[in-house]
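Right, one structure below, let's go through it.
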Amino acid sequence: MAQKSPLLSSVREKLRVKHYSIRTEEVYVRWILAFIRFHDRQHQRVLGKKEIEAFLSDLAVHKNVSASTQNQV
C-alpha cells in the first residue's frame with residue numbers, strides 16, 4: 001500500500017474544513033504534485049518564492065498555461 005503524504009493529507013483536511021468541492025481539492029492536489037515534481041521532489045520546506053516563480057514561469061512559457069494562473073499566488 002502506498003504511503004500517504006502528510007502534506008497532501010493536511011491540504012485535503014484544510015480544504016474540507018473550508019467546504020471546498022472535491023473537484024477543487026483534486027485540482028489543488030494535482031498542482032501541488034506538479035510543483036513538487038518540477039523541483040525534483042525536494043522537500044517543501046526548502047522550496048520558497050524563487051521556486052514558485054520558476055514553476056509559474058515554466059507553466060506560462062513552456063506549457064501555455066494562462067498568465068492569469070500566476071495571479072493566483
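All but one of (1) modelled with pLDDT of 85 or more; (2) in a helix (DSSP H, G or I) hold for Ser68; state the number of the condition that does not hold.
(1)
Go through the range 12-49 and give me each residue that's under 23 Å from Val65 (Cα atoms), hydrophobic (A, V, I, L, M, F, W, C) and part of a helix (DSSP H, G or I).
Hits for the range 12-49 are Ile22, Val27, Val29, Trp31, Ile32, Leu33, Ala34, Phe35, Ile36, Phe38.
For the range 38-62, enumerate the residues that are surrounded by 11 or more Cβ atoms within 10 Å (Cβ to Cβ) and closer than 19 Å to Arg12 by Cα.
Gln44
Tell me which residues, restricted to the range 22-52, are more than 24 Å from Lys63 (Cβ to Cβ) and either hydroxyl-bearing (Ser, Thr, Tyr) or touching a His at 6+ places or on another chain (Cβ under 7 Å) (or both).
Residues satisfying the conditions do not exist here.
Just checking, how many residues over the range 1-11 are loosely packed, with under 13 Cβ neighbours inside 10 Å and part of a helix (DSSP H, G or I)?
Pass one, the range 1-11, residues loosely packed, with under 13 Cβ neighbours inside 10 Å: 1-4, 6, 9-10.
Restricting the remaining residues to those that are part of a helix (DSSP H, G or I) gives 6, 9-10.
The total comes to 3.
The values are calculated or read from the model by the stated rules, or taken from the named source; none is laboratory data. What you see is a predicted model; the values in this text were computed from it and never measured. Every residue, glycine among them, receives a Cβ derived from its backbone with ideal geometry; neighbour counts consider all protein chains shown.
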